[in-house]
Amino acid sequence: MKTNIFVPQKIKVGFQNRENTYTKKLAFVIYYDAKGKLRQETSWEGWRDEKIDPVEYENEPVSGFVLNKKVGDYKDGWNHRQAYTRVYDPRGFEFEITIENLLYILENTNSIKGKGLEGEFVYSWDGKNLILLPVDSPDYQEISQFNKVLHEKTYIKSKELIIGATYRTKDNQELVYMGRFDYWDTKWNSGNDYKDSYYENVNKGKQYIFAKEIINYRKKQDIHILNLKSLGDRIIEMISIDCCERYAEMFDLLESRSCYSPYDESKDEYVYYDLSRFIEKVKKKIGEYAWHYSTTVYIGNEKSSYAEVKGVRDSESYQIVVKRKVPSRWGSGYTTEDVPLLTGTLEEIHEVYKPRYRNEYLTNGKLYRMGDEE
């Protein structure tokens with residue numbers, strides 16, 4: 001179970017009369033967050049019967065819960081209601097939990113016929129989903145400790161931050177503080193034509209940067225970044241004052257991100273494919289992704305000189321094409337069509353058009369994107 005589960009100090013219970021419940025009363029349980037705000041109040045107010053007074057409880061461990069029956073798991077036209085299990089709260093009402101919550105409960109406690117669930121439980125939430133959490137579960141201590149820090153509201157202030165130290169966020173992420181830097185983003189400026197449209201670098205001002213190491217979708221070392229203009233209540237505690245052992249490596253990865261140093265088109269580098277690599281790349285894409293998957297190359301040293309190399313699996317005949325803008329056949333507007341430049345072998349295309357890939361660099365000179373990556 002995730003350890004960023006929120007365990008409130010106080011809950012509020014609204015009711016509807018239901019004949020198909022043991023107590024004749026079905027409950028909708030919501031909670032007060034760490035700031036004292038009642039969450040899900042709008043949907044709760046729309047659901048509950050206003051003729052029945054709601055009740056507030058301190059969310060302390062309680063025993064005596066009993067499993068009742070499964071509800072939901074049906075489809076009526078476009079309406080589908082997933083399966084839930086109704087649970088009896090010893091304070092005199094029933095509420096519903098998900099099947100996943102039920103399975104977790106049964107992994108960590110026993111349900112005795114005629115007596116109910118063994119042990120004590122507290123109400124908790126994962127986003128909008130209510131979770132009945134067994135106090136005896138192995139995750140409870142870690143979840144409880146995390147919530148203790150949340151409720152103490154001893155948030156870290158900006159002047160207390162130490163570069164390289166490790167901190168915990170209110171989402172229970174462990175992140176390393178990298179420093180306070182200009183944070184860069186991009187804005188798309190649309191012109192009359194695609195060639196007149198461009199991305200503009202935008203400086204969002206100084207922001208606090210936190211990071212953790214990850215493996216990205218290319219299976220390479222990378223970092224996940226949290227950027228904050230102000231800390232507010234986002235950083236709840238320091239985990240370690242010691243400088244992270246891999247801070248230097250993480251900072252090197254940060255320097256290669258466009259949010260740290262913006263992309264600089266003037267530094268683009270066009271690199272010629274050697275013949276063997278060109279053939280390998282085109283054939284690999286066609287072999288893995290089928291005939292309609294093309295390889296983008298450049299046939300000049302400018303961004304607008306891109307072309308596509310297409311082919312069919314198990315064929316030695318390929319085509320290099322460029323895109324041309326033409327009026328749409330469906331009325332107003334434009335579309336693009338392929339204009340063939342050459343049909344022949346990959347060796348012939350390489351000889352005539354000398355295909356290239358484009359490496360992109362940041363203002364600080366760091367490589368941003370390598371054009372020959374798979």
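Couple of notes before you dig in:
- Hits among aspartates and glutamates - C-alpha to C-alpha of K366 under 13 Å, sequence gap 8 or more where chains match: D252, E255, D264, E265, D268, E269
- For R218, the accessible area of its heavy atoms, probed at 1.4 Å with every protein chain present, is near 90 square angstrom.
- Residue-level accessible surface for E200, protein heavy atoms, 1.4 Å, Å²: 80
- When each of K204/K323; K170/K229; K284/K354; K283/K323 is checked by Cα-Cα distance, pairs over 24 Å: K204/K323
- Projecting the Cα atoms of V271, L226, V322 onto the dipole axis of region 214-345, where Lys and Arg carry +1 and Asp and Glu carry -1 at the beta carbon, places V322 farthest toward the positive end.
- Counting only protein chain heavy atoms and rolling a 1.4 Å probe, the accessible areas of M250, M370 rank, largest first, as M370, M250.
- Helix-derived mean residue ellipticity, 222 nm - over the chain, DSSP H n ≥ 4, -39500 (n - 2.57), to 500: -5000 deg cm²/dmol
- Among (1) -0.91, -1.01; (2) -0.69, -1.00; (3) -0.82, -1.10, the entry derived from the coordinates for log10 I(q)/I(0) by the Debye sum over Cα atoms at q = 0.10, 0.12 Å⁻¹: (1)
- Rounded percent of accessible protein surface that carbon and sulfur make up, the chain, 1.4 Å probe: 47
- Loop sites in region 80-165: trypsin sites (Lys or Arg not before Pro), DSSP, at most 10 other Cβ within 10 Å: K113, K115, K128, K153, K157
- Ranking E107, E316 from most to least accessible surface, computed with a 1.4 Å probe over the protein chains only, gives E107, E316.
- Nonlocal amide H pairs with I236, under 5 Å, H built at 1.01 Å: I156, R168, T169, K170
- Karplus-derived 3J(HN,Hα), 6.51/-1.76/1.60, for each residue of region 230-241, Hz, glycine and proline x: 9, 6, x, 9, 6, 9, 9, 6, 8, 8, 8, 7
- A crude spin-label estimate for the pair T42 and S144, with each label 7 Å from Cα along the Cβ direction, gives 3.6 nm.
- Look at the dipole of the chain built from charges on Cβ: of I5, I143, W47, the Cα furthest out on the positive end belongs to W47.
- Only lysines eight or more places from K24 in sequence, or on another chain, were considered; those with a Cα closer than 28 Å are K10, K12, K51, K69, K70, K75, K113, K115, K128.
- Only protein heavy atoms count here; on that basis, with a 1.4 Å probe, L362 has an accessible area of about 0 Å².
- Shown are V312, V297, whose ranking by accessible area with a 1.4 Å probe and every protein chain present, most to least, is V312, V297.
- Span from the region 238-308 Cα centroid across to the region 138-198 one, whole angstrom: 26
- Potential lengthening of the chain between Y22 and Y334 amounts to 105.8 nm, from the contour at 0.36 nm per residue minus the alpha-carbon distance.
The values are calculated or read from the model by the stated rules, or taken from the named source; none is laboratory data. Remember, it's a predicted structure, so these values are computed and weren't measured experimentally. Cβ coordinates were reconstructed from backbone atoms using ideal geometry, including for glycine residues, and neighbour counts include every protein chain displayed. Heads up: the accessible areas ignore ligands, DNA and RNA and are worked out on the full protein's heavy atoms, side chains in. Shrake-Rupley method; radii C 1.70, N 1.55, O 1.52, S 1.80 Å.
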